[in-house]
Amino acid sequence: MTATRLPIIIPGIEVYLLPLDGTGRDAERRAVDTLAATVLGSAILHRPDGSPYVAADPSRAVSVSHGASVALLAVGSATPIGIDIESSLRHKQLARVARKFVAEADELSALSLLHLWTAKEAVYKAMGMPGLGLTAITVGASGHATAAGRRLKVAWQPCGTDALIALAAVQP
């Protein structure tokens, strides 16, 4: 299988998708390894906190996600980024746990729970702050988010007919 570059959703960040060949963690790891080798010519390693980095260029911004039978790789220059993908089939589960991630300042009237969840997961990854609570992240329908006093840009993109991708980038 070959990697597909997705249309730009935040300028300066490239997003690549690779369908999983199989199921489970091994298939996810193989897909991420293939994306890294194909796109970056380098392996992706993980810091002690779990955040990914490019072995050949640790200063390069990178984020990975997998779900909905695909793996994603987001690559930027130096601005911290985060990416997430979730299946729309998780709507009932998200409704059950909404109180754990919906903040009062979120624009829930304009965003679905799926939009809000994927955005918060992407922002969490971009912030790189273990322990940051999802209710401490606020998301607006215009694609702006805040977390720990920082502003972030968020963009969403459908993936197939039953999944949603969110990409977040910390603003300078």
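The values are calculated or read from the model by the stated rules, or taken from the named source; none is laboratory data. These numbers were taken from a predicted model, which means no experiment stands behind them. Please note: Cβ atoms are built from the backbone with ideal geometry, for glycine as well, and neighbour counts cover all protein chains shown. Side chains are part of the model used for accessible areas, which takes the heavy atoms of the whole protein and leaves out ligands, DNA and RNA. Shrake-Rupley method; radii C 1.70, N 1.55, O 1.52, S 1.80 Å.
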Residue by residue through the stretch 105-111, which ³J(HN,Hα) values in whole Hz follow from phi under the Karplus form 6.51 cos²θ - 1.76 cosθ + 1.60 (θ = phi - 60°), with glycine and proline marked x? 7, 5, 8, 5, 5, 10, 10
Return P(r) of the chain (all Cα-Cα pairs; 5 Å bins starting at 0; whole %; ordered from short to long distances). 1, 9, 18, 22, 22, 15, 9, 3, 0
Mean-square fluctuation maximum in Gaussian network of the chain, Cα pairs under 10 Å, restricted to Leu89, Leu73, Leu17, hits Leu89
Taking the chain as a Gaussian network, Cα atoms linked when under 10 Å apart, which of Val62, Val139, Val70 shows the biggest mean-square fluctuation? Val70
Probe 1.4 Å, all protein chains in place: accessible area of Val64 in Å², nearest 10? 30
Any chance you could check the Cα centroid distance between the stretch 105-172 and the stretch 68-86 for me, in angstrom? 13
Over the chain, with a Gaussian network built from C-alpha contacts below 10 Å, which listed residue (Ala103, Ala145, Ala95) shows the highest mean-square fluctuation? Ala95
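Checking the a/c ratio against 1.5 first, then a/b against b/c, what shape does the Cα gyration tensor give for the stretch 1-59? Spell out each step's value before the answer.
Values: a/c = 1.69, a/b = 1.02, b/c = 1.65.
In terms of gyration-tensor shape, oblate.
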Tally of Lys pairs whose C-alpha atoms are under 17 Å apart, taken over the chain, 8 or more apart or cross-chain: 4
Convert each backbone phi in the stretch 113-122 into a coupling constant with the Karplus relation 6.51 cos²θ - 1.76 cosθ + 1.60 (shift: θ = phi - 60°), then list the ³J(HN,Hα) values in order as whole Hz, x for Gly and Pro. 4, 5, 4, 5, 4, 5, 4, 5, 5, 5
Hey, rough spin-label estimate for Ala110 and Lys92, points 7 angstrom out along Cα→Cβ, what's it come to in nanometres? 3.1
